[in-house]
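The values are calculated or read from the model by the stated rules, or taken from the named source; none is laboratory data. Computed from a predicted model, the values in this text were never measured in an experiment. Heads up, the Cβs are rebuilt from the backbone with ideal geometry, glycines too, and the neighbour counts pull from every protein chain shown.
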Amino acid sequence: MNRTQVIEQLPGLRRYARVLTGDTWAADDLVQDTLERACSKWRLWRSGSDLRAWLFTLMHNLYLNQRRALPTLQRLEIEEVQDSLEGHGASADEALDLERCLQRLPADQRAVLLLVTLEDLSYEETARVLGIPLGTVMSRLSRARSRLRVLMDQAATPASAEPQPAPTATPLLRRLQ
C-alpha cells in the first residue's frame with residue numbers, strides 16, 4: 001500500500017463520511033479512525049486489489065460499530081417535532097435541503113445511495129463494501145431513490161399550497177460494470 005494511493009482516496013472518504021454521519025466533526029473523526037485502522041491492518045490488504053473498496057469497507061464497518069456502541073435512543077420522527085425546531089432564519093414552510101432529506105433515509109438505504117451516486121462505485125463494488133448481495137444493493141437503491149424523491153417533493157411543497165402532480169423525472173441510472 002502506497003501512501004500516495006491512500007491520500008488520493010481522502011476526498012471520497014471525507015465526502016462519504018460527511019453524509020453518512022451528518023456532522024463535519026464526526027466525519028473527520030470517522031476518516032481518522034478509518035486511516036488508523038487501515039494502518040494497523042495494512043497486511044490484510046491484498047496488493048493489486050481495490051484499495052478504494054477496502055478503505056470504504058473499513059469506514060462502513062467502523063461507522064456501524066460506532067453506532068452499535070451508542071446508547072439506544074428513542075427514534076424521533078421529524079414530522080412530530082418540526083414545528084418546535086428552530087431554523088437558520090428560515091420560515092417553517094421553506095423546503096428542506098437535500099442533506100436533511102438524505103439524513104431521513106434509513107441508514108442502509110442512505111449508504112447504498114451515497115456509494116453508488118456520490119462515490120460512483122459500481123453495484124458490485126457497493127455490494128462488496130457493504131457485505132450484502134448484489135440484488136440487495138439494487139433493491140435498497142431503488143427504495144432510497146423513491147423515498148428521497150418523496151421527501152424532496154414534500155420539502156418543496158409548502159403546507160398551504162395545493163398539491164401538484166409530481167413531475168416525471170428520469171431516475172438516475174447506473175450501469176452494471
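Descriptive notes on the structure:
- Members of the range 10-33 that are in contact with a Leu (Cβ under 9 Å, 6 or more places away or on another chain) and not in a helix (DSSP H, G or I): GLY22
- Across the range 20-48, the number of residues qualifying as within 11 Å of TYR63 (Cβ to Cβ) and either outside the structural domain of GLN5 (by TED's automatic domain parsing) or in contact with a Lys or Arg (Cβ under 8 Å, 6 or more places away or on another chain) (or both) comes to 3.
- The helices (runs of 4 or more DSSP H) falling completely within the range 68-163 that include 3 or more residues that are at pLDDT 85 or above and exposed (fewer than 15 other Cβ atoms within 10 Å of the Cβ) map to 134-156.
- Pick from the range 2-46, criterion touching a residue at least 40 places away in the same chain (Cβ under 8 Å) and farther than 20 Å from GLN109 by Cβ, ranking: surrounded by the most Cβ atoms within 10 Å (Cβ to Cβ): LEU13
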